[in-house]
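Structure record follows, encoded as structure tokens.
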Amino acid sequence: MLAEKLLLQSLIVLAPVLLCSASPDHKQKWNTPFYFGLFYSASAMACMIFLYSNYGQNWDLRYAPLLLAIFYGGPVAGAMVIASIIGMRLLIGGEAVIFAIVGCLLTAIVPFLLRKKFWNVTSNKRVFLTLLAGGWSLVLCYLSLSAYHYVKGDIFKFFINIPDLLLFALIYTLALVLAAKLNEGLIERRELRKEIQRAEKLNTLGELAASIAHEVRNPLTVVKGFLQLMHQEENEKNHEYLSLVLSELGRAESIINDYLNFAKPQFEKLEVFQLKDILSEVVMLLEPLAVKQGVQLESSFDSSDFSLYTDRNQLKQALVNIIKNAIEATPEGGMVMIHTASNQYHASVLIADTGKGMTPEQLSRIGTLFYTTKDKGTGLGTSVSLRIIETMNGRVAYDSKPGVGTKVTLTLPAGKKEELAG
């Protein structure tokens, strides 16, 4: 009888997350703390309605909705479930009411304390923390049962209760883990939907930027050509003004080219070359900037002859942008380190600085068009660099801590074997 009741309650525990899974994606209201609290309050009360009484104790899974509400819904949702459990327990009555209320409050302590850490870890670790809190609630259930019998003057019979205790612990744990996994699936689905929407917006914006930039660049090239002729023939005071105009036109042309690269990087000249060669060029190119900033630029490349097959100039642009950002983010006296490691298939380039670092919120927006942590700039440089690396089938990973610095890891694929052989 106990098993049937607990399995029914397991379905009740899973009901809120199953309801959210079945709802349309546009129903964002299901993700609010109020609705989390409402659904899990109903789940907890339903578990208490279909409880199983034996050994002077009520057997139910009321604490599973409580833990899930606190972790995935927040303090408001958790408080709603606590109030529902206490209200329902007072309504049921019995000699163990006080023990049940104290047990509920003590059970809620651990998830409330762990919640801040909860959202800073991976999905699997969140499930583990939920399981850990579930273990805490099981210990409290046992202690509550022992305390109740002790107050009554009875001797708690371990050998009588062990099979039921083990069955309860097993079903409770399975229900909790399954519900947590389903919640993580919902979170992953929401994040995937946001990423798809972001990608669609970026694609539309990229196409628009490309078309506008292409149309603007043509007349700009003509204007620049005539100004260069005038600049060569002008020897009086207008010579200085024409120099400034040409400089600004060059800057505008550079921004337009960045837009075009962001929309769709053009790999015009594919060739085979060694990674350490192009890195050496970039380091040599940026060394004067590092000296000017008072930053030490340190490089260490592995001895392998790892070769790439791609557009050399495009990769060089991406590396210059990323390393330049590291130098500019590092205060005077700091250091920027560039290290490489490779195997037969991939090479990794680590660019680490001792700069100001970034917060998790800033880190999440890296690569977003028009976002920059600098006082000046469009944010296009980083966006273009990421698009170039992605077009090469490479990957870029950021790791940063405020006040410590930032690490950027570029993973680049090896050149095609047929090309390398040729």
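Where residues in the stretch 41-99 are at positive phi and of a type outside the set (S, T, Y), which of them is nearest to the chain's Cα centre (by Cα)?
Per the stated criteria, the residue is G74.
Collect the residues in the stretch 42-55 that are in a helix (DSSP H, G or I), open to solvent by 10 Å² or more (accessible area, probe 1.4 Å) and among the small types (G, A, S), keeping them in residue-number order.
Across the stretch 42-55, the qualifying residues are A42, A46.
Can you name the condition, by its number, that L61 falls short on among (1) open to solvent by less than 40 Å² (accessible area, probe 1.4 Å); (2) in contact (Cβ under 8 Å) with a residue 40 or more places away in the chain; (3) over 20 Å from L143 (Cβ atoms)?
(3)
Would a scan of the stretch 128-145 turn up a residue that is open to solvent by 30 Å² or more (accessible area, probe 1.4 Å), in contact with a helix residue (DSSP H, G or I) (Cβ under 6 Å, 6 or more places away or on another chain), among the small types (G, A, S) and in a helix (DSSP H, G or I)?
No, there is no match, as no residue in the stretch 128-145 is open to solvent by 30 Å² or more (accessible area, probe 1.4 Å), in contact with a helix residue (DSSP H, G or I) (Cβ under 6 Å, 6 or more places away or on another chain), among the small types (G, A, S) and in a helix (DSSP H, G or I).
One line per residue, one yes/no per condition, for (1) touching a helix residue (DSSP H, G or I) at 6+ places or on another chain (Cβ under 8 Å); (2) modelled with pLDDT of 90 or more; (3) closer than 20 Å to L6 by Cα:
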residue: W30; (1), (2), (3): yes, no, no
residue: Y35; (1), (2), (3): yes, no, no
residue: W59; (1), (2), (3): yes, no, yes
residue: L67; (1), (2), (3): yes, yes, yes
residue: I70; (1), (2), (3): yes, yes, no
residue: V76; (1), (2), (3): yes, yes, no
residue: A79; (1), (2), (3): yes, yes, no
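Which one is surrounded by the fewest Cβ atoms within 10 Å (Cβ to Cβ) among residues in the stretch 106-120 that are assigned to a helix (DSSP H, G or I) and out of contact with any Leu (no Cβ under 7 Å at 6 or more places or on another chain)? Let's see the steps before the verdict.
At the first step, the residues of the stretch 106-120 found to be assigned to a helix (DSSP H, G or I) are 106-118.
From what's left, out of contact with any Leu (no Cβ under 7 Å at 6 or more places or on another chain): 109-110, 112-113, 115-117.
On the way: I109: 12, V110: 19, F112: 14, L113: 11, R115: 17, K116: 8, K117: 11.
Result: K116.
Does the stretch 185-200 include one or more residues that are more than 30 Å from Q9 (Cα to Cα), modelled with pLDDT under 75, open to solvent by less than 70 Å² (accessible area, probe 1.4 Å) and not aromatic (F, W, Y)?
Yes, because at least one residue in the stretch 185-200 is more than 30 Å from Q9 (Cα to Cα), modelled with pLDDT under 75, open to solvent by less than 70 Å² (accessible area, probe 1.4 Å) and not aromatic (F, W, Y).
I'd like to know if the stretch 96-105 contains one or more residues that are in contact (Cβ under 8 Å) with a residue 12 or more places away in the chain, part of a loop (DSSP other than H, G, I, E, B), open to solvent by 10 Å² or more (accessible area, probe 1.4 Å) and touching a Leu at 6+ places or on another chain (Cβ under 7 Å).
Within the stretch 96-105, not a single residue is in contact (Cβ under 8 Å) with a residue 12 or more places away in the chain, part of a loop (DSSP other than H, G, I, E, B), open to solvent by 10 Å² or more (accessible area, probe 1.4 Å) and touching a Leu at 6+ places or on another chain (Cβ under 7 Å).
The values are calculated or read from the model by the stated rules, or taken from the named source; none is laboratory data. Nothing here was measured: the structure is a model prediction, and the numbers come from that model. Neighbour counts run over all protein chains shown; Cβ positions are idealised from the backbone, glycine included. Just the protein is used for accessible areas: all its heavy atoms, side chains included, with ligands, DNA and RNA removed. Shrake-Rupley method; radii C 1.70, N 1.55, O 1.52, S 1.80 Å.
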